[in-house]
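In what follows, a single structure is set out as structure tokens and then discussed.
Since every read-out is calculated from the coordinates, none of them should be taken as a lab result. Note that the structure is predicted; figures quoted are calculated from it, not measured. Note that we place each Cβ from the backbone using ideal geometry, even for glycine, and neighbour counts take in every protein chain shown.
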Amino acid sequence: MYNYTKKLDILHHFEFEYPYILILLLLILCIYKCPYTLKRHVFPHLHLFTKFTSWLNKEKFLYSLIFALLITALSSPITYDAKLSNHRKGRDLVFVLDASGSMGESGYSKKHPYMSKFEILKNIINTFITHRFDDNVGIVVFGSYAYSSVPLTYDMHSVSFLLDFLDVGIAGENTAIGEGIAHATALLQKGQAQNKVMLLITDGYQNSGQTSIKKAVAQAKKLHIKIYTIGIGKKSDYDAKLLQKIATDTSGKMFTASNEEALQNIYKALNTLEPSHIRSQNYLNKHMLFLYPLSLAILLLLYILTKKEEF
């Protein structure tokens, strides 16, 4: 667990939950214009009905006021006090995914024997990011080369949407681990969070790319980026010693995932190692105000009905 000092700012606000409804206030013009045009043709000498006209003007005003109050109530006016934490624990988190040809192999999962390792990995990441409430998440994909497929963002829906478009071979068939780490480091360098984390997932050995893994890791360490490494499949399939060294040099941890269940357990462990639970520190104290204009509109309507009985 991480200890931190709670410091809250209280912000007072007033707003309409459905402000677009207020455009209906323009219909008030019809209360005045439409009946007047009709009566001008039926009664050409309206000036003879001064007393009656006086009451009609007053009635129109009251109807206009009632209509305005009802529209205001429908737009749902509210006041609220927002308490926001000044000490967010969110971190910049980048997934570095191996999309080389070997990630297309099936048989990794007993439940889903026909699904490829990469498809299973994407499903687990989708579940994982639904719990990252305040992290800034990005994705780097590497194969023969590497590129940033998703920039750092708080919008987990966008991350999930773009993740679905990734597939095996999208960056080539080989494995350029150094390129992946370098691109992820460049992406994290643009972030503003103090805590920067990289999750490197691969099932192979480096056999491509011009970037040295040693130099890429040294640059990440210089920027205080913590790297967690995950080897997928049999230990003989990937360079376990290299993944262990990368994790050790950056104060991270190395995991092995021989099947889908083991991979799911790893992400559960990562949720414990790199928690994200700040959103519970922010809340709204909301007060609904629609009853005030609604009640006044009802009272005015009753007043009009009472007055009409006198005429």
Label-point gap, in nm, between Thr127 and Tyr63 - each point 7 angstrom along Cα→Cβ | 6.2 nm
Calculated P(r) tail over 25 Å for segment 92-276, as whole % of Cα pairs = 24 percent
Long-range amide H partners of Asn136 with built H, under 5 Å | Arg91, Asp92, Leu93
If the cut-off is a Cα-Cα distance under 18 Å, which aspartates and glutamates reach Lys190, setting aside same-chain residues fewer than 8 apart in sequence?
-> Asp92, Asp134, Asp135, Asp155, Glu179
For a footprinting-style exposure proxy, rank Ser100, Ser160, Ser258, Ser149 by other Cβ within 10 Å, fewest first.
-> Ser258, Ser160, Ser149, Ser100
If each residue's Cβ is checked for other Cβ atoms within 10 Å, how do Asp92, Asp134 rank with the fewest at the top?
-> Asp134, Asp92
Once both label points are put 7 Å beyond Cα along the C-beta direction, the Asn195-Glu17 separation in nm becomes 3.4 nm
Could you sort out which of Lys122/Lys214; Lys117/Lys245; Lys245/Lys268; Lys221/Lys253 sit more than 21 Å apart by Cα distance in this structure?
-> Lys122/Lys214; Lys117/Lys245; Lys245/Lys268
